[in-house]
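Heads up, the thing below is written out as C-alpha cells.
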Amino acid sequence: MKGRRWLVLGVAAGIAVGIGRLPYFAGAAVSLSDTAEHLVGTGGLDLLHAAARHGAPQRVIEALTAIVAVALPGVTALLLVVAARSTLRLRSLISLLLAALGIASFFYLPHGVAAGTAALALVAAGIAVVATGPLVAAPLAAVAGLIAVTFLPRLLVHNSTVPTLPIERLHEALFQSAGAPMWLRIVVLIIAALPFGFAARLVIA
C-alpha cells in the first residue's frame, strides 16, 4: 500500500515519545489507556448488577470484564491504525474526484474560467495526496504506537495501579482470592498484546 512509510514513521515517532517519557504526550497516552479501563470497569459493574438480576454467573462476568479492560487499549490502537490506512486509501479517491471535477469544468464553464478551476482542482488533489500521510495517517499511527509503549510494560509492574486492577479482578474471578501473580500478568500481557500485534501487522503489511 502506497504511503505505508507514514504509518511506520508514525508508529516509530509514538514509540520514541513514549520511551523518551515526554511528560505531556506520554501522560496523555497513559490517561487514554487508564480512562478506557475505567470505563470498562464501570460498565462491568453495571453489567454485573444487570446479569445478577437475570441469574448470570458473577465470576464469568467479572472475568470477561477484566479481559475486555486489558484488551481495550490495544483495540483502540488497532482502530487508529485502521483509520490511518483508510485515509491513505481515500486520498487516492479524493484526488481522482477533484481532478475529475476540474476536467468536467471545461464542459460547462467558459474556457478561461475552466482552466483556473481545473488548475485549482489539480492543486487540491496534489495537496490531498501529499498531505494526507504526514498530517493525518502518521499522527494516528503515532498515537497507536504511543499507547502500546505506555500501556503494555505497566502490565508487568506491581505498583502500576490501573492496569493491575483488571488482573486482580481476573484472579479473583478465577480463584476467588485476591492477587496478581507474575504468571497471570504474563497471560494478561499476551491477551493485551494481541490487538497491538494485529495493528503492527497492518502497519507493515
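Looking only at region 149-162, residues that are at pLDDT below 75, in a helix (DSSP H, G or I) and touching a Ser or Thr at 6+ places or on another chain (Cβ under 8 Å) come to 1 in all.
Is it true that Ala137 is within 25 Å of Arg91 (Cβ to Cβ) and either of a type in the set (Lys, Arg) or without any contact (Cβ under 8 Å) to a residue 60 or more places away in the chain (or both)? Spell out how you get there, then give the answer.
Working: within 25 Å of Arg91 (Cβ to Cβ): yes; either of a type in the set (Lys, Arg) or without any contact (Cβ under 8 Å) to a residue 60 or more places away in the chain (or both): no.
Here the answer is no, as Ala137 does not meet what is asked.
Taking the conditions (1) under 27 Å from Ile15 (Cβ atoms); (2) surrounded by fewer than 19 Cβ atoms within 10 Å (Cβ to Cβ) in turn, Leu174 satisfies each one other than (1).
The values are calculated or read from the model by the stated rules, or taken from the named source; none is laboratory data. Since the model is a prediction, treat every value here as computed from it, not as a measurement. Glycine also receives a Cβ, built like all others from the backbone with ideal geometry; neighbour counts cover every protein chain displayed.
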